[in-house]
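Data block below; observations after.
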Amino acid sequence: MSQNLVRTQRKEMLLAYALLLPSLVFLAAFTYWPIVRSIWFSLHDVLLGDPDIYWLGAENYLRLLNDRLFWKVLGNTAFYTLTSVPLSIAAALLLAVALDSKLRGMAIYRSAFFYPVMIPSVAAGMVWVFLYAPGYGPINEALTGLGLPRLDWLYDSKWALPAIVIMSIWKYSGYFMLILLAALKLVPSDLHEAAKLDGISAWDRLIHITIPMISPTLYFVIIIGTLHSYQIFDYVYVMTQGGPADSTNVLTFYIYQNGFQYQDIGYASALANALLIFVLGLIGLVSLTLGRRVHYLGER
Amino acid sequence: MVLDTSVTPDIAAAPAAARRSGWRRALKGQWLHLIMLPLAFLWLCPLIWIAVTSLKTSAEVFDPAAGFFPAIPNFSNYPSTLSVAPFGKYLVNSIIVTSSILAGQLVTITLAAYAFARLNFPGKNVLFTLFLLQVMFPIYAIFLTNFVTLREMGLVNTIPAMIVPFVASGYGTFMLRQSFRQVPSELSDAARLDGCNHLEILWHVYLPLVQPTLIAFGIISVVTHWNDYMWPLLVTNSEDIRTLPIGLGLLAKADSGADWPRLMAGTTIVVSPLLVLFVIFQRRFIDSFMHTGVK
């Protein structure tokens with residue numbers, strides 16, 4: 001009897017491993033092996049397509065620490081993530097709250113804000129190059145119409161990165177808005193009714209009722225948003241190629257430059273590891289600070 | 001007292017006041033349109049610009065005195081963009097790549113999700129964490145070494161190169177595992193008593209019940225990989241295997257901003273397939289993306 005049990009348990013175990021095998025093969029080859037390998041590469045002098053590699057130890061990392069461009073690029077990456085993620089989530093939250101209040105034509109609004117998610121990043125980047133064009137672009141025409149000074153946008157090292165941030169808000173808010181809308185629908189409406197009766201303002205209700213009630217989803221959206229911010233590579237590649245004067249050069253693009261343009265796989269791998277540490281650090285920071293304060297319904 | 005909060009005040013009030021507040025309630029909240037309407041228009045502007053510019057002449061684009069709309073709609077930009085870039089070929093490649101990724105993912109995530117949801121085996125938690133970690137390491141973070149690996153495998157500049165890094169999906173496995181766990185275990189117990197083995201139960205009991213999740217995952221996967229730019233850009237260098245976004249990028253590079261109407265015609269062609277599907281299947285698209293965040 002117990003031998004039978006052991007046999008079925010063993011059969012179940014073997015079946016489980018067999019079912020996981022297809023995924024594990026691909027995960028191992030294209031997710032975990034690359035990470036191990038990039039640590040290995042970063043300790044060597046490796047050129048793309050050259051079979052000979054030389055041990056360097058920590059030299060690539062020392063070079064990185066002394067690379068002024070690396071620090072600039074890291075700063076740009078941090079600037080982009082720390083502005084575009086909070087701003088698009090704030091916009092998404094306001095849009096979601098507005099659409100949750102039984103507004104007529106809600107479905108049309110929802111689609112109007114969501115459709116940029118469907119647009120390929122190249123296409124989005126290209127249209128915005130046109131919109132931002134200093135001479136004939138509609139945005140400058142609009143600024144002139146409002147009596148504001150015209151800007152050089154993507155050609156101005158002060159404005160190029162903020163210009164990409166503005167485009168990202170347009171591109172991603174709709175997605176975050178949808179996720180937050182789903183969460184808002186689960187907030188019991190009598191909470192709001194009660195607060196309204198007590199004369200609590202809409203703003204205070206947003207801060208003290210809505211945000212705490214949807215905090216798990218908000219937290220999830222922050223993580224998703226941080227991971228989405230990798231996609232800035234596409235925009236930088238299409239819109240600015242890192243310029244002007246490296247003002248839009250970000251880590252993913254700098255890795256590409258070193259690995260593909262200069263063929264320096266060793267140094268590019270050290271940069272890639274720095275990127276992984278940056279993102280993991282950011283996500284760790286978010287989960288330590290916000291994750292602790294997240295309020296889960298029915299879990300106290 | 002607390003229970004009373006669901007009662008709205010005007011029910012208790014005098015009839016006249018109730019009528020007035022009913023009228024006010026109908027209008028109330030609708031003032032939001034004053035903000036939302038211009039905002040929605042602002043959001044639609046880039047799309048409107050793509051369409052309108054694709055019908056202009058180059059001269060009209062650069063002339064600030066020309067109106068917002070073209071004097072005469074100039075449809076010749078479409079044939080002209082199709083003659084410089086083989087968008088038909090790109091379209092076929094995009095369909096092959098996107099559907100192969102989806103097919104591969106559906107197989108791998110279904111099998112893995114069933115193991116995680118319904119089977120017991122040593123190392124389950126560690127393996128599940130490994131699957132979830134993949135979400136943190138998208139191709140943008142590890143493209144460099146993946147490129148080196150594919151080069152060694154001789155796969156660079158082939159269709160499979162655009163597919164293989166995405167066949168396993170930690171995210172999809174997670175999504176499907178959650179759905180499998182919601183299937184009542186009585187159903188699978190009954191099937192087992194009828195003599196079904198695990199694979200038969202998976203196929204006949206579980207898969208039909210989680211169809212909404214499969215569709216939601218499918219839509220998200222298709223949108224992601226249809227629009228993907230970086231990875232296909234890095235691993236392709238010949239015309240006959242490029243996808244739509246790469247083709248559009250090349251057209252932009254060749255034009256170098258000189259021929260906006262033709263470029264916007266190309267953009268319209270590239271943007272249309274998904275947008276048309278989105279308009280037709282709006283509910284499904286919205287629902288899929290909406291529930292990515294709810295556990």
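Brief remarks on what is shown
- Within the stretch B:109-123, the set of residues being farther than 13 Å from B:Leu202 by Cα and at the interface with chain A (Cβ under 8 Å from one of its Cβ atoms) comprises B:Asn120, B:Phe121, B:Pro122.
- Residue within the stretch B:52-60 that is modelled with pLDDT of 70 or more, surrounded by fewer than 14 Cβ atoms within 10 Å (Cβ to Cβ) and either over 26 Å from A:Ala96 (Cα atoms) or not assigned by TED's automatic domain parsing to the domain that holds B:Ile269 (or both) present: yes
- Considering the conditions (1) under 15 Å from the mean Cα position of the chain (by Cα); (2) open to solvent by less than 10 Å² (accessible area, probe 1.4 Å), A:Leu276 is excluded by exactly one of them, (2).
- Restricting the stretch A:20-55 to residues that are buried (at least 18 other Cβ atoms within 10 Å of the Cβ) and part of a loop (DSSP other than H, G, I, E, B), the residue that is farthest from the other protein chains (Cβ to nearest Cβ): A:Leu43
Residue-by-condition table, conditions (1) over 27 Å from B:Thr158 (Cβ atoms); (2) in contact with a His (Cβ under 6 Å, 6 or more places away or on another chain); (3) not hydrophobic (A, V, I, L, M, F, W, C):
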| residue | (1), (2), (3) |
| --- | --- |
| B:Gln182 | yes, no, yes |
| B:Glu186 | yes, no, yes |
| B:Asn197 | yes, no, yes |
| B:Phe217 | no, no, no |
| B:Thr224 | no, no, yes |
| B:Leu263 | yes, no, no |
| B:Thr268 | yes, no, yes |
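- Residue within the stretch A:113-122 that is within 7 Å of chain B (Cβ to nearest Cβ), touching a Gly at 6+ places or on another chain (Cβ under 8 Å) and open to solvent by 30 Å² or more (accessible area, probe 1.4 Å) present: no
- Inside the stretch B:75-105, residues that are of a type in the set (A, V, I, L, M, F, W, C) and either open to solvent by 60 Å² or more (accessible area, probe 1.4 Å) or touching a strand residue (DSSP E or B) at 6+ places or on another chain (Cβ under 7 Å) (or both) make up a count of 7.
To keep it simple, each residue is scored yes or no on (1) modelled with pLDDT under 85; (2) in the same structural domain as B:Leu91 (by TED's automatic domain parsing); (3) buried (at least 20 other Cβ atoms within 10 Å of the Cβ).
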{"position": "B:Gly257", "(1), (2), (3)": "yes, yes, no"}
{"position": "B:Leu263", "(1), (2), (3)": "no, yes, yes"}
{"position": "B:Thr267", "(1), (2), (3)": "no, yes, yes"}
{"position": "B:Val270", "(1), (2), (3)": "no, yes, yes"}
{"position": "B:Pro273", "(1), (2), (3)": "no, yes, no"}
{"position": "B:Val276", "(1), (2), (3)": "no, yes, no"}
{"position": "B:Val279", "(1), (2), (3)": "no, yes, no"}
{"position": "B:Arg283", "(1), (2), (3)": "no, yes, no"}
{"position": "B:Lys295", "(1), (2), (3)": "yes, no, no"}
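- Any hit, the stretch A:124-140, residues being more than 30 Å from A:Tyr230 (Cα to Cα) and either in the same structural domain as A:Ala96 (by TED's automatic domain parsing) or buried (at least 18 other Cβ atoms within 10 Å of the Cβ) (or both): yes
- For the stretch B:140-170, a residue qualifies if it is more than 7 Å from chain A (Cβ to nearest Cβ), farther than 20 Å from A:Ala16 by Cβ and surrounded by 19 or more Cβ atoms within 10 Å (Cβ to Cβ), and the qualifying residues are B:Phe143, B:Phe147, B:Leu150, B:Ala161, B:Met162, B:Ile163, B:Phe166.
- Taking the criterion of being open to solvent by 30 Å² or more (accessible area, probe 1.4 Å) and of a type outside the set (Val, Ile, Thr), the residues of the stretch A:92-105 that qualify are A:Leu94, A:Asp100, A:Ser101, A:Lys102, A:Arg104, A:Gly105.
- Evaluation of B:Ile219 against the conditions (1) surrounded by fewer than 22 Cβ atoms within 10 Å (Cβ to Cβ); (2) at pLDDT below 90 shows that the sole unmet condition is (2).
- The residue pairs whose first member lies in the stretch B:127-138 and is more than 8 Å from chain A (Cβ to nearest Cβ), whose second member is in a helix (DSSP H, G or I) and open to solvent by 40 Å² or more (accessible area, probe 1.4 Å), and whose beta carbons are closer than 8 Å, counting only pairs six or more residues apart or on different chains, are B:Leu132/B:Phe174.
- Residue in the stretch B:232-246 that is of a type in the set (Asp, Glu) and within 12 Å of chain A (Cβ to nearest Cβ) present: no
Residue by residue, here is whether (1) assigned to a helix (DSSP H, G or I); (2) open to solvent by 60 Å² or more (accessible area, probe 1.4 Å) holds:
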{"site": "A:Pro162", "(1), (2)": "yes, no"}
{"site": "A:Ile166", "(1), (2)": "yes, yes"}
{"site": "A:Trp170", "(1), (2)": "yes, no"}
{"site": "A:Tyr175", "(1), (2)": "yes, no"}
{"site": "A:Leu186", "(1), (2)": "no, yes"}
{"site": "A:His192", "(1), (2)": "yes, no"}
{"site": "A:Ile207", "(1), (2)": "yes, yes"}
{"site": "A:Pro216", "(1), (2)": "yes, no"}
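- Selection status of B:Leu244, open to solvent by less than 50 Å² (accessible area, probe 1.4 Å) and among the aliphatic types (A, V, I, L, M): yes
- For the stretch A:194-203, residues that are out of contact with any helix residue (DSSP H, G or I) (no Cβ under 8 Å at 6 or more places or on another chain) and assigned to a helix (DSSP H, G or I) total 2.
- Residue check, B:Ile48 within 13 Å of chain A (Cβ to nearest Cβ), at pLDDT 85 or above, within 26 Å of the chain's Cα centre (by Cα) and open to solvent by 50 Å² or more (accessible area, probe 1.4 Å): yes
- Test: A:Thr252 is open to solvent by less than 20 Å² (accessible area, probe 1.4 Å) and part of a helix (DSSP H, G or I): yes
- Here is the figure for the stretch B:60-116: residues that are among the charged types (D, E, K, R) and within 24 Å of B:Val235 (Cβ to Cβ) total 1.
- Enumeration of residues in the stretch A:62-89 that are surrounded by fewer than 17 Cβ atoms within 10 Å (Cβ to Cβ) and of a type in the set (Phe, Trp, Tyr): A:Trp71, A:Phe79
- Qualifying positions in the stretch B:186-239 - farther than 25 Å from B:Phe281 by Cα, among the polar types (S, T, N, Q) and touching a residue at least 12 places away in the same chain (Cβ under 8 Å): B:Ser188, B:Thr236, B:Asn237, B:Ser238
- Residues within the stretch A:232-243 that are at pLDDT 90 or above and out of contact with any helix residue (DSSP H, G or I) (no Cβ under 6 Å at 6 or more places or on another chain), tallied: 2
- Condition met for B:Asn237 (among the polar types (S, T, N, Q) and surrounded by 22 or more Cβ atoms within 10 Å (Cβ to Cβ)): no
The values are calculated or read from the model by the stated rules, or taken from the named source; none is laboratory data. Not measured: the values here are computed from a predicted model. As a convention, Cβ positions derive from the backbone with ideal geometry for all residues, glycine included, and neighbour counts pool all protein chains shown. Ligands, DNA and RNA are excluded from the accessible area calculation, which covers all protein heavy atoms including side chains. Shrake-Rupley method; radii C 1.70, N 1.55, O 1.52, S 1.80 Å.
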